[in-house]
Every structure is written in structure tokens, then in C-alpha cells.
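What follows is one structure encoded as C-alpha cells, with my remarks underneath.
The values are calculated or read from the model by the stated rules, or taken from the named source; none is laboratory data. These numbers were taken from a predicted model, which means no experiment stands behind them. Here Cβ is always computed from backbone atoms with ideal geometry, including for glycine, and neighbour counts include all displayed protein chains.
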Amino acid sequence: MPDELLIEHPLPGIVVFRLNRPQVRNALNLSVRQRLAAEVTRHAADPAIRCLIVTGSDKAFAAGADIAEMAEADVAEVRERNVQQYGRALSDCTKPLIAAVEGYALGGGLELALCADIIIAGEGARLGLPEVKLGVLPGGGGTQRLARLVGLKRAMLLLMTGRMFSAAEALAMGVVSEVTPAGQALSRALEIAAEIAAMPPVAVAKIKRVVTEGVSRPLDEALALEQRAYEDLYATADQKEGMRAFLAKRKPEFQGK
């Protein structure tokens, strides 16, 4: 049986997690969710890893949850599955996480992508949260993450109709970070990952934490969070190296300290 999650190291400091269930358009079953969450957590703890990427195939990032696992489930079984915990493992990842999306990113697939810090989509990608058409609602964080990105009124329209939208529409709504020609989402994600990997990792980690924590706080609290993080970075060797290199007009060598 082929491995349903491929792990690749295409560049130093960068790891790629590739969903590999082509027979079901990379539909997310429980075992894949569990393994992806565990592997993201494990790799994020590795000091040598600077950036992580999750992707699928050219035809499907992930076409949704595996309905065959869910159709006959009762309330107790759904509560025990608690798929939100696996998305939280991705959204809580301490290292930058990029989703490279081609083809379908629907339901649980889009919810998975929304856990990433950056989403790169090929122009042929089709996204959406169609769970309402199955008599349920997005249960992996989709209702809340989508509303925070696109606003209440637009989220209500997309969620209540379950309609799909294009990569261009996703970019206009703020759902994705960048759109590439079809088939180039992963290569572009690797370029961005390499760019991030060259930055001082402590500062990158602070940026991720300040933005993700601050966006849901009142502005005064968020600004205080930013100020503390800014001050803390002056205790790092990378801050000294970055500023000294700037003044000396040379390329900095960041050590993550």
C-alpha cells in the first residue's frame, strides 16, 4: 500500500509534506490527519528546519474529508474524532507553514490550508466549504477562520451556499497570499520558503506569534505584545549580526540565536 503522506527535504531547512491519496483526490481520513499533525509537530521541533510546506497533487490539494469514514457516524463518534485538534497542531506550529494548493481544496482540504501562515494557489485551483450540501457545517475550523479572513457577510454567503470559488476570487478576498500559473504553486512555495529560511529564525518566530496572537486581541493589547517581542529581539545575536552587517554593507549570517 503506498504511503499516504510523503515527506520530502528538497532544500536545506525546508520540509515538504505531500498528501498522497490520489484515488480519492487526497481526501483526508483520520490516519492522514493524525500523521500530518504529528509530523508537523516533530519537524517544527527540529532546530535545522526553518520552514514547512504542505501540498497535494496537481489535481487536488485535498478534495475534502473522507466521507466514507463519516457517513454513518453518530454524535459520540464525531466528538471522539475531534478533527479540530489536528488542525490546531498545524496552526500552532512554531515555524512558518506554507500551503501550496493546486486543483481542489474543498471542505477539510480548505480548512487544512487555512491553518497555514501563507497559501500559494495555482490559478486553476478551486476552493470552498461545501459541507452544508451534506447536511453539516465545516467542523475543522472553517467557519471561524474563513469569517476572520473575508468578513462576516461574505463568509455567510460562502458557507450557507457551499459554493466553490476560484484562486483569483480567493486572492481578492484575502483567503490566499499569492496566485501562480497552474502547476507552479509548489515551486513558488519553495522559493518563498527559501527566502524565509534565510531570515533570522528567532525574529521570524516572533513575527508569527505576535501576528497570530495579536489579531484576536484589542489593539492596545496587541501593540503591547509587539513591543515586548521587539524589545526581546535586542537580546539576540542575530539582531546584532543583522544590524552590523547592514552597516558594514555585507550579507548577514544568522545563527538562530
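Against the definition (touching a strand residue (DSSP E or B) at 6+ places or on another chain (Cβ under 7 Å) and of a type in the set (S, T, N, Q)), how does T55 come out, yes or no? If you could, list the steps in order and put the result at the bottom.
Working: touching a strand residue (DSSP E or B) at 6+ places or on another chain (Cβ under 7 Å): yes; of a type in the set (S, T, N, Q): yes.
Considered against the rule, which asks whether it is touching a strand residue (DSSP E or B) at 6+ places or on another chain (Cβ under 7 Å) and of a type in the set (S, T, N, Q), T55 comes out as yes.
Could you tell me which numbered condition T143 fails, if it satisfies all but one of (1) surrounded by 14 or more Cβ atoms within 10 Å (Cβ to Cβ); (2) more than 19 Å from the chain's Cα centre (by Cα); (3) not in a loop (DSSP other than H, G, I, E, B)?
Condition not satisfied by T143: (2).
Restricting to region 177-192, give me the number of residues that are touching a Lys or Arg at 6+ places or on another chain (Cβ under 8 Å) and either free of Cβ contacts under 8 Å to residues at least 40 places away in the same chain or surrounded by 19 or more Cβ atoms within 10 Å (Cβ to Cβ) (or both).
First pass over region 177-192, keeping only residues touching a Lys or Arg at 6+ places or on another chain (Cβ under 8 Å): 178, 180.
Applying the additional criterion that residues be either free of Cβ contacts under 8 Å to residues at least 40 places away in the same chain or surrounded by 19 or more Cβ atoms within 10 Å (Cβ to Cβ) (or both) yields 180.
The qualifying residues number 1.
Just give me the residues in region 29-47 being at pLDDT 95 or above and hydrophobic (A, V, I, L, M, F, W, C), in sequence order.
V32, L36, A37, A38, V40, A44, A45
Can you tell me which condition E195 does not meet? The list is (1) under 23 Å from A48 (Cβ atoms); (2) surrounded by 12 or more Cβ atoms within 10 Å (Cβ to Cβ); (3) out of contact with any strand residue (DSSP E or B) (no Cβ under 7 Å at 6 or more places or on another chain), and all the others hold.
(2)
Are there helices (runs of 4 or more DSSP H) fully within region 172-257 with at least 1 residues that are under 27 Å from L112 (Cα atoms)? List them. Show your work before the answer.
Details: elements: 185-197, 201-214, 219-232, 237-248.
In region 172-257, the matching helices (runs of 4 or more DSSP H) lie at 185-197, 201-214, 219-232.
Search region 121-140 for residues being over 19 Å from G103 (Cα atoms) and not charged (D, E, K, R), and hand back the single one that is surrounded by the most Cβ atoms within 10 Å (Cβ to Cβ). Can you show your working first?
Residues of region 121-140 over 19 Å from G103 (Cα atoms): 132-140.
Narrowing further to those that are not charged (D, E, K, R): 132, 134-140.
Values: V132: 15, L134: 14, G135: 6, V136: 12, L137: 13, P138: 22, G139: 19, G140: 26.
By that ranking, first place goes to G140.
Restricting to region 225-257, what's the tally of residues that are under 16 Å from I207 (Cβ atoms) and in the same structural domain as K206 (by TED's automatic domain parsing)?
Filtering region 225-257 down to residues under 16 Å from I207 (Cβ atoms) leaves 225-234, 236, 238-239, 242, 254, 256.
Going one step further and asking which of them are in the same structural domain as K206 (by TED's automatic domain parsing), we end up with 225-234, 236, 238-239, 242.
Qualifying residue count for the region: 14.
Looking only at region 152-173, count every residue that is under 20 Å from S216 (Cα atoms) and either surrounded by 13 or more Cβ atoms within 10 Å (Cβ to Cβ) or touching a residue at least 60 places away in the same chain (Cβ under 8 Å) (or both) and tell me the total. Quick ask: steps written out before the conclusion?
Taking region 152-173 as the starting set, the residues that turn out to be under 20 Å from S216 (Cα atoms) are 152-156, 173.
Now drop any that are not either surrounded by 13 or more Cβ atoms within 10 Å (Cβ to Cβ) or touching a residue at least 60 places away in the same chain (Cβ under 8 Å) (or both), which leaves 154-156, 173.
Matching residues across region 152-173 total 4.
When only residues in region 79-94 that are surrounded by 13 or more Cβ atoms within 10 Å (Cβ to Cβ) and assigned to a loop (DSSP other than H, G, I, E, B) count, which is modelled with the lowest pLDDT? Steps first, please.
Of region 79-94, the ones surrounded by 13 or more Cβ atoms within 10 Å (Cβ to Cβ) are 81, 83-84, 86-94.
Those left that are additionally assigned to a loop (DSSP other than H, G, I, E, B): 83, 92-94.
Values: V83: 88, D92: 94, C93: 95, T94: 93.
Checked region 79-94; the qualifying residue modelled with the lowest pLDDT is V83.
Condition test on T55, is it in contact (Cβ under 8 Å) with a residue 40 or more places away in the chain and surrounded by fewer than 20 Cβ atoms within 10 Å (Cβ to Cβ)?
Details: in contact (Cβ under 8 Å) with a residue 40 or more places away in the chain: yes; surrounded by fewer than 20 Cβ atoms within 10 Å (Cβ to Cβ): no.
Judged against the criteria, T55 is not a match.
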